[in-house]
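As structure tokens, the structure follows; a few thoughts come after it.
The values are calculated or read from the model by the stated rules, or taken from the named source; none is laboratory data. Predicted model only: the values in this text are computed from it and were never measured. FYI the Cβ positions are ideal-geometry reconstructions off the backbone, even for glycines, and counts take in every protein chain you see.
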Amino acid sequence: MLNPFVLRIKLSENNLILNETMISSMEFTEMFINSIINKFNTRFNDFYSVNEFANRTKLIEMINLVKNDLDRFILVMYAFYIYDEVKLLTKQKFVYDCFHFNVIDAGEYLRFTYENIKTSFVPSADVTLALMTYFDKNYCKEKESIKFDNKNKDLDKLAKILLFRQNLKNINYVQNGRFLELTASNLKIKLGLYGTIEHPSWIIISVEGFNEKVLKMIKTNFNDKLNNLIDFMSYYKLKVKAREIYNQLTNKTGDLLKFTGKYKNNLIRGELTNENKLNIFVRNQTEEYKINSLKDLK
């Protein structure tokens with residue numbers, strides 16, 4: 001059985017009665033509801049008096065205040081009901097003056113109490129449970145060829161989480177623990193996961209396929225910017241593919257972004273779109289159709 005949860009209400013006055021009384025959460029709830037009912041009875045009696053218009057405004061204001069007080073009250077009581085035995089430690093004079101006659105002040109005390117209670121509930125992090133709850137079960141599997149210790153296991157799963165929403169369909173990638181290798185045509189980039197759990201960063205470790213000048217450009221523009229790096233590599237792969245097709249054409253016009261030419265008596269039309277898509281169309285004597293490469297020619 002859990003230990004009883006005891007809440008001591010902060011008092012704004014120093015001259016209150018020192019004798020303390022222990023009351024249950026149900027008794028506290030009953031006092032709170034009764035104070036609201038008594039307040040409403042007073043307002044309804046005034047509502048039908050001569051100053052009906054002014055009292056109507058006061059009634060509306062009170063309804064809004066009571067609604068806010070109830071919201072705070074419910075949040076606090078939810079915290080109480082976590083425990084099997086709940087007791088509320090308060091002052092006799094505080095109970096009498098505040099909860100029997102002053103609903104607004106009671107709500108303010110509850111608001112203050114709840115704001116301080118919130119910092120007492122701190123959930124522990126569980127990466128595996130988060131993966132099992134929000135991601136495909138395959139992301140919780142360990143690679144059989146790798147022996148993980150606890151630290152590397154968490155890093156491996158964190159890397160999978162960070163890669164989950166990346167658009168990697170146009171490039172090849174291999175993720176090994178906290179290391180990631182991206183490949184597009186003859187371009188190969190290796191990255192490592194660094195930083196903290198709160199602020200992880202993908203840092204470029206090495207680049208293969210270009211000279212030092214291009215390597216420096218890639219590191220300068222794409223370090224810790226995985227989204228932009230993936231877009232760049234996807235675009236680069238499509239541009240390499242467009243160049244391969246373009247170089248095999250005869251009577252060609254245009255550039256790699258938009259070109260036409262002939263290949264084996266077929267008219268080829270190609271276009272590299274802003275959405276990182278390469279569209280290749282073939283027109284012969286009878287029809288026009290779309291292909292992925294020149295090998296797909298009918």
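Results, tabulated for the structure shown:
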| read-out | value |
| --- | --- |
| Among the candidates LEU215, LEU226, residue that is outside the structural domain of ARG269 (by TED's automatic domain parsing) and crowded, with 18+ Cβ neighbours inside 10 Å | LEU226 |
| Long-range neighbours under 9 Å by Cβ, at least six apart or interchain, first residue more than 18 Å from GLN175 (Cα to Cα) within the stretch 214-233, second among the small types (Gly, Ala, Ser) | LEU215/SER206; PHE232/ALA184 |
| Complete set of residues in the stretch 192-201 that are surrounded by 16 or more Cβ atoms within 10 Å (Cβ to Cβ) and hydrophobic (A, V, I, L, M, F, W, C) | LEU193 |
| Candidates ILE280, ILE204, ILE189, ILE268 - the one that is buried (at least 16 other Cβ atoms within 10 Å of the Cβ), touching a Lys or Arg at 6+ places or on another chain (Cβ under 6 Å) and in a strand (DSSP E or B) | ILE204 |
| For LYS169: the one exception among (1) exposed (fewer than 15 other Cβ atoms within 10 Å of the Cβ); (2) of a type outside the set (S, T, N, Q); (3) at pLDDT below 70 | (3) |
| Test result for ASP231, assigned to a loop (DSSP other than H, G, I, E, B) and assigned by TED's automatic domain parsing to the domain that holds ILE204 | no |
